[in-house]
Every structure is written in structure tokens, then in C-alpha cells.
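**Q** First the structure, then my questions, so here it is.
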Amino acid sequence: MNAPRRAPLMPMEEALALLLARVQPLTATESVATFDADRRVLATDLVSALHVPPNDNSSMDGYAVRTADITAPGVVLPVSQRIPAGHFGHALQPGTCARIFTGAPVPEGADAIVMQEDTREVGGNLHAVHVDVVPAPGQWIRRAGEDVTRGAVVLPRGQRLNPAALGMAASLGLARLDVVARPRVALFSTGDELVMPGDVPPQDMKPGAIYNSNRFFLRVLLQRLGCEVSDLGIVPDRRDLTLAALRTAADHHDLILTSGGVSVGEEDHIKPAVQQLGSLDLWQIAMKPGKPFAYGQVRRDAGAGADVATPCHFIGLPGNPVSSFVTFLLLVRPFLLALQGVSDARLLGLPQPVQLPAHFDLPRADKRREFLRVRRNAAGGLDLFPNQSSGVLTSAVWGDGLVDNPAGTTIAHGDAVSYLSLAELLA
């Protein structure tokens, strides 16, 4: 009797499209201090109530002048006033100049700034100066509103905030910002072999036991993405305990994220447990590392006061640490950004790859799309970590990027390959 044919593995692009199609952005919002809004997502358009800068101002230390008074180099002008930043001068009289400093408002009547390097004091004091150049109208003047005009949408709803954006918000006088509420994520690992660092010293570890590394990097990755994380620890390899953990987590979280237990072994209980409590819409992807990746939904318990109309999202990551790390960056990260309403499509997919020469050979092609751990070298090429096993977390520590290698593709030394920066994926 012939064994049933396995369904083909889903391509990674289709898997990501499925994940994003299931997302309904969170609607809850909160007000946070601008100081604390880094990496949060704006819930409303940020509209400017003022011009930035508010007035024409000098971009140089120097002298405010009337260009009509300077028709040739060497003109001597008396200094009629001194204007520091934060102070307004009076109207500039013809035939005079004003000592002015960077950021100070340009006085009425002045139409150019001569920087101090192009002037010379007369008689060793600042009562008059030689102007050694003929200024052009408007030079070294920053116009009111040239950065931001009043009423303009400066930062759109759905923008993920970064330090520059926070500085922009502050320049508009905003001490607080309305942002999307943090996604609530329940995190747990499965596996009888897992031990928490600190619980058992290395010399007392039982045969087959390993320290739980996934729990540490996944928690940090979730927090970097602005999530509120409930760490549910390690769930033993038992169906009843897996079901109980999923039920508890579903009631008050937006996403359940697990690592391990999503393969096909008899001790892998995640898949049937999710199917029993909801639905499993995605299982196994044509990528390496990361094949045993799962997505589904878990029903909420009406008795727990949860929103039963909206099931809780479930994502199951592979247990091998590199597989878990890579699939989080390539699939879970865009899912969580979409859940927070991020509008920039560039953040909801892979980074733009850079074509760089491979300084290695990969003579054997894989049937799956590969993500190889590599590092840029001083010669401008890419070195390959020698052990690409999904259990070798050293490769992710050593590497600074991934080579996105299509299925069935070999690589020869010097070939141009697609490099994805880990720094960009971890931002």
C-alpha cells in the first residue's frame, strides 16, 4: 500500500502573505511621553501647529546685511546691533549691519547673512566691519517653515518612531504622543529536555538536557518590537499541559508564541493541541533553516471575560535555536509590526538585499530556499560560517547578515549573492 503523498511545503513569500492577511491591526491606543516613544507606532497623524523654524533665522555666525548696501568687496558697515539666538533685533537701517549668531531671527530689512570669516573688524573692535564679499540675496538665511509648514502632516499614522522622529515631534512642542497599545504576547517553550540557566549547574545536567536559549532571545526580540511579554516558562511534553497552556494564554493575549514541539514526532504536541482548540492554517515552510513553522488561531474562553469574537493568534517556531531566530526575524517581526498598524510596506517584508560577492563555495544546492549566516569581510565580500546547522547558534552571533539563496542554487566563489543585514532586521 502506497503511503499518502505529503502536501508540498509552502514558499516563504506565500507564508508571509498569509500571516499578513490574517492581521487585524490593534485598535487600542495610549498616550506616552515622547521620551519613551522610541519604536512605538503612531496611532494618529502628527500635524504641525506651527512653522519650523518659526522665523527666518541665520544659519551662520556673522552679520545680517542689506545686499543693496554692498555692491563691491571692501565695503565698511557700522554694526548697529547684536542679535543672539532667542532674541529679536530691531529693523536694520540702511547702511548698517547687525552682528548675528546661528539660529537668531533675521531682523526686518536684512536680506542676507555674511559669515564672520568673510569680514574684518575695523580698528580692532566690533563697531564696524569690512565686508570682503558681495553677498547674494537670501544667502545663509533659513526661511520660516522651510523644514515644516503649519498644518502639514509631519509624521503619519502607522509610522514606527525612531530617534529622528522623536526629535521632530519635540520640535513641534509635543511632550506626549498617541501610540498603538503594546501587543500582548504569551511566550513559552516546550520540551522535557529544556533547563533554565541558573536552575542546574553544568556539571549536574542530566544526559540529553540542554539550556533554554530560545526563551532568552525571543523575549528580547519581542520587547524590542514593543510587545508586552508574558513569559509562561517551559511546558513539559504532555498533551494535557500543552492544551492548558494554550487555553490560559489565549484569553488575555493577542499572540501566543512558542518554540519547539511543532514537528512530527510523537512528543510534539503543539500541532494537534492548536487544531483541537482552534485552527492551524500554516504548517511547514520551504525554507532552511525554519521548515517546521506553524501559524493558527486559538479560540478564547467566554467565561474568562475575553473577546471571544476574535481568536488569539498562534505562531509556533522550530525548537532549533537558529531556526527559531531566523523565522522570527523574517516572519514574526513583520507580523507584529502589522499588528501594530505599521504603514511602511518596506518594514512588512524582507529588507532590500545588497548584491555582494561570495568569498566561499556552496557546491550542493538545497531543495529549499536557504538563509545562510555570513559576515562581511575587509575585502568587500562575504565569508560563510563553516557550520550552517540549525542548532549552531554561534553562527548567528558571528554573522552580521544572511544570504538569501534561492532553492536549487549553488554558489561559486565570486558569485553575486543577495545579502540581508541582520542590523536592519534587528532594528
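**Q** Hey, does the range 139-154 have a residue that's loosely packed, with under 13 Cβ neighbours inside 10 Å and among the hydrophobic types (A, V, I, L, M, F, W, C)?
**A** Yes; the residues of the range 139-154 include at least one that is loosely packed, with under 13 Cβ neighbours inside 10 Å and among the hydrophobic types (A, V, I, L, M, F, W, C).
**Q** Looking at the range 397-423, which of its residues are in a loop (DSSP other than H, G, I, E, B), open to solvent by 50 Å² or more (accessible area, probe 1.4 Å) and β-branched (Val, Ile, Thr)?
**A** Selection gives Thr410 alone.
**Q** Filter the range 26-35 for residues that are surrounded by 14 or more Cβ atoms within 10 Å (Cβ to Cβ) and either without any contact (Cβ under 8 Å) to a residue 60 or more places away in the chain or in a loop (DSSP other than H, G, I, E, B) (or both) and give the result.
**A** Leu26
**Q** Taking the residues in the range 190-210 that are in a loop (DSSP other than H, G, I, E, B), without any contact (Cβ under 8 Å) to a residue 24 or more places away in the chain and acidic (Asp, Glu) as candidates, determine which candidate is most open to solvent (accessible area, probe 1.4 Å). Give the steps one after another, and end with the answer.
**A** To start, the set of residues in the range 190-210 that are in a loop (DSSP other than H, G, I, E, B) comprises 191-193, 196-201, 205-209.
Remaining after also requiring without any contact (Cβ under 8 Å) to a residue 24 or more places away in the chain: 193, 197-201, 205-209.
With acidic (Asp, Glu) added as a condition, the list becomes 193, 199.
Numbers: Glu193: 72, Asp199: 112 Å².
The qualifying residue most open to solvent (accessible area, probe 1.4 Å) is Asp199.
**Q** Residues Val52, Val79: which one is in contact with a strand residue (DSSP E or B) (Cβ under 7 Å, 6 or more places away or on another chain), at negative phi and at pLDDT below 95?
**A** Details: Val79 fails: at pLDDT below 95.
Selected residue: Val52, the only one of Val52, Val79 that is in contact with a strand residue (DSSP E or B) (Cβ under 7 Å, 6 or more places away or on another chain), at negative phi and at pLDDT below 95.
**Q** Right, here's the next one. When you go through (1) under 40 Å from the mean Cα position of the chain (by Cα); (2) surrounded by 15 or more Cβ atoms within 10 Å (Cβ to Cβ); (3) at pLDDT 95 or above one by one for Ala164, which number turns out not to apply?
**A** Of the numbered conditions (1) under 40 Å from the mean Cα position of the chain (by Cα); (2) surrounded by 15 or more Cβ atoms within 10 Å (Cβ to Cβ); (3) at pLDDT 95 or above, the odd one out for Ala164 is (2).
**Q** On to the next question. Within the range 76-102, take every residue that is assigned to a loop (DSSP other than H, G, I, E, B), polar (S, T, N, Q) and within 16 Å of Thr119 (Cβ to Cβ) and give me the one that is most open to solvent (accessible area, probe 1.4 Å).
**A** So in the range 76-102, the residues assigned to a loop (DSSP other than H, G, I, E, B) come out as 84-96, 101-102.
Cutting the leftovers down to polar (S, T, N, Q) gives us 93, 96, 102.
Filter once more, so that each one left must be within 16 Å of Thr119 (Cβ to Cβ): 96, 102.
Numbers: Thr96: 22, Thr102: 64 Å².
Among those that are assigned to a loop (DSSP other than H, G, I, E, B), polar (S, T, N, Q) and within 16 Å of Thr119 (Cβ to Cβ), it is Thr102.
**Q** Report the residue count in the range 36-75 for those that are surrounded by fewer than 17 Cβ atoms within 10 Å (Cβ to Cβ), farther than 19 Å from His130 by Cβ and among the β-branched types (Val, Ile, Thr).
**A** 2
**Q** Further question on the same structure: Would you mind listing the strands (runs of 3 or more DSSP E) fully within the range 282-365 where at least 3 residues are open to solvent by 30 Å² or more (accessible area, probe 1.4 Å) and out of contact with any Ser or Thr (no Cβ under 6 Å at 6 or more places or on another chain)? Write out each step before concluding.
**A** On the way: elements: 294-298, 312-317, 354-357.
In the range 282-365, the matching strands (runs of 3 or more DSSP E) lie at 354-357.
**Q** Please verify whether the range 373-396 includes one or more residues that are part of a helix (DSSP H, G or I) and not hydroxyl-bearing (Ser, Thr, Tyr). I'd like the intermediate steps shown before the answer.
**A** Taking the range 373-396 as the starting set, the residues that turn out to be part of a helix (DSSP H, G or I) are 394-396.
Filter once more, keeping what is not hydroxyl-bearing (Ser, Thr, Tyr): 396.
Yes.
**Q** Would you be able to tell me the number of residues in the range 300-332 that are at pLDDT below 95 and farther than 30 Å from Gly408 by Cα?
**A** 12
**Q** In addition: Within the range 371-391, is even one residue under 22 Å from Gly260 (Cβ atoms), among the basic types (Lys, Arg), modelled with pLDDT of 95 or more and open to solvent by 50 Å² or more (accessible area, probe 1.4 Å)? First the steps, then the outcome.
**A** Quick first cut of the range 371-391, residues under 22 Å from Gly260 (Cβ atoms) only: 371, 373, 387-391.
Subsequent filtering for residues that are among the basic types (Lys, Arg) retains 373.
Next, only the ones that are modelled with pLDDT of 95 or more stay: 373.
With the extra rule that they be open to solvent by 50 Å² or more (accessible area, probe 1.4 Å), the set shrinks to none.
No: the range 371-391 contains no residue that is under 22 Å from Gly260 (Cβ atoms), among the basic types (Lys, Arg), modelled with pLDDT of 95 or more and open to solvent by 50 Å² or more (accessible area, probe 1.4 Å).
**Q** Anything in the range 130-182 that is assigned to a strand (DSSP E or B) and without any contact (Cβ under 8 Å) to a residue 60 or more places away in the chain? List them, or say none.
**A** Our first condition is that a residue be assigned to a strand (DSSP E or B); within the range 130-182, this holds for 130-131, 141-142, 148, 153-155, 160, 176-180.
The one that is assigned to a strand (DSSP E or B) and without any contact (Cβ under 8 Å) to a residue 60 or more places away in the chain: His130.
**Q** Right, another one. I'd like to verify a number: residues in the range 215-249 that are within 30 Å of Leu161 (Cβ to Cβ), among the aliphatic types (A, V, I, L, M) and touching a Lys or Arg at 6+ places or on another chain (Cβ under 9 Å), how many? Please lay out each step first, then the result.
**A** The initial filter retains those residues of the range 215-249 that are within 30 Å of Leu161 (Cβ to Cβ), namely 215-232, 249.
From what's left, among the aliphatic types (A, V, I, L, M): 218, 220-222, 225, 229, 232, 249.
Pick out the ones that are also touching a Lys or Arg at 6+ places or on another chain (Cβ under 9 Å) and you get 221, 225, 229.
Residues meeting the conditions: 3.
The values are calculated or read from the model by the stated rules, or taken from the named source; none is laboratory data. Being a predicted model, the structure only gives us computed values, none of them experimental. In this analysis, Cβ positions are derived from the backbone assuming ideal geometry, glycine residues included, and neighbour counts consider all displayed protein chains. Ligands, DNA and RNA are excluded from the accessible area calculation, which covers all protein heavy atoms including side chains. Shrake-Rupley method; radii C 1.70, N 1.55, O 1.52, S 1.80 Å.
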